[in-house]
């Protein structure tokens, strides 16, 4: 399973759990104010979990971008160093 598919699966499970919990609370025999409080708590937990996951993803993307930039810089430097050592061949037709 790739990282992307794993993230999608976790998001699907999390959303399904929240929806299921919300439906269970709505049909459970409790006062409306208690049900609203429980739904609000579940929504806050979902928001916090989503925010934490997004922060982690953003950090990983920034780290990857830095690695790519460093690889490009290293490639440019290697090219500059080797450009003076490789003789240029011209075709004389």
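The values are calculated or read from the model by the stated rules, or taken from the named source; none is laboratory data. It should be emphasised that the depicted structure is a prediction, and the values quoted were computed from it without experimental measurement. Cβ atoms come from the backbone with ideal geometry, glycine included; neighbour counts cover every protein chain shown.
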Cross-chain or 6+ apart pairs with Cβ under 8 Å, the stretch 2-29 first and surrounded by fewer than 12 Cβ atoms within 10 Å (Cβ to Cβ), then at pLDDT below 80 and not in a loop (DSSP other than H, G, I, E, B): 28/35
Among residues of the stretch 30-44, those that are farther than 20 Å from residue 16 by Cβ and surrounded by 11 or more Cβ atoms within 10 Å (Cβ to Cβ), counted: 4
